[in-house]
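Presented below is the structure to which this report refers.
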Amino acid sequence: MHRQEIRRGLGNFVAITKSRLSGKTFVPNPRHAIYIETSGRCNLACRFCAYDKLPPRGFMDHKTFSNIVDQACDRGFRQVWLTSMLGEIFADRQISDKWALLEKETRIDGYGFYSNFILAREEQIRSFPTLSKPTSLFISLYGFDSDSFVETTRKPVSQYSKLLKNLSCLLEVSDSWTPMDGLHFNMRTIKTNTPIMECDTELSALLRKFAAKGANVSEDNEYDSWVVTITQDEVDPLGIKLTDGNQLYMHGTCTKVFAEIQIKADG
């Protein structure tokens, strides 16, 4: 076990044992939010992701999406997360139509989503101010410069250039629009000794501007093996270490079966 596993294992042990001794169980509200995977396709092949090791999946058609939203509302859900397990939301060419449906559905209070923000079209980004229900927009970043992007995602630098263009457009739009719970950026890439925000790159400069407007910017230093789907040698070029979940202390039912009920792209 490396230090990350020891630290997380001890943390789990203390928190879980304290709750068990006090007779308390913390179960998230299972009817608060529903997770709907509209896209099972992704444009990247990140070294620490299982996407390119699993059979390709398609997209959720609009009729199925509408039916699922209606059923979810009937069962008391008021929040929707358009987040994929392995896919990319903007790979779905009908995603704007799905936003429009959620905007019109009076029983839905809000919706949020995650994206690597590369496939977003400029007209979609500039339409954000017309949307009233987005709660959060989480943008996952996989490289602080062109070289680290290519090494992390195993995709051409042209996609990194598209990301910079889209983020610049979003920065303009953010003058008049932000989601209810704000903009969030999370970096997962080559391990460096310099904080991403302090790097002298075009992306870091953009992130500093977003942060000055109140956006949250973070770096992720923990990576799991997707139940040993990813091996350590695959991520060695990034200088990161995988966390073996089998080594972590656990007891009881995983909260995800309550808190993150997800409907896959095939319904």
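A short reminder: the numbers here are calculations on the coordinates, not readings from a lab. Note that the structure is predicted; figures quoted are calculated from it, not measured. Note that each Cβ is placed from the backbone with ideal geometry, even for glycine, and that neighbours are counted across all protein chains shown.
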For segment 75-94, check the following and say yes or no: at least one residue is among the acidic types (Asp, Glu), in a loop (DSSP other than H, G, I, E, B) and either in contact with a Leu (Cβ under 8 Å, 6 or more places away or on another chain) or over 24 Å from GLY143 (Cβ atoms) (or both).
yes
- Query: Has segment 126-133 got at least one residue that is farther than 13 Å from SER161 by Cα, among the aromatic types (Phe, Trp, Tyr), touching a residue at least 40 places away in the same chain (Cβ under 8 Å) and part of a helix (DSSP H, G or I)?
  - Reply: yes
Does LYS213 qualify as being under 30 Å from ARG78 (Cα atoms) and of a type in the set (Lys, Arg)?
yes
Counting only residues that are of a type in the set (A, V, I, L, M, F, W, C) and in contact with a helix residue (DSSP H, G or I) (Cβ under 7 Å, 6 or more places away or on another chain), segment 216-267 contains a total of 6
Exactly one of ASN221, ASN246 is within 30 Å of SER19 (Cβ to Cβ), among the polar types (S, T, N, Q) and without any contact (Cβ under 8 Å) to a residue 24 or more places away in the chain, and that residue is ASN246
The condition from (1) in a helix (DSSP H, G or I); (2) within 27 Å of THR106 (Cα to Cα); (3) within 19 Å of the chain's Cα centre (by Cα) that MET180 misses is numbered (1)
The correct count of residues that are touching a strand residue (DSSP E or B) at 6+ places or on another chain (Cβ under 9 Å) and within 15 Å of ILE36 (Cα to Cα) in segment 99-118 is 9
Within segment 194-226, residues being within 20 Å of the chain's Cα centre (by Cα) and not in a helix (DSSP H, G or I) number 13
Restricting attention to segment 171-200, the residues that are surrounded by 15 or more Cβ atoms within 10 Å (Cβ to Cβ), within 21 Å of ILE240 (Cα to Cα) and either in contact with an Asp or Glu (Cβ under 8 Å, 6 or more places away or on another chain) or of a type in the set (S, T, N, Q) (or both) number exactly 7
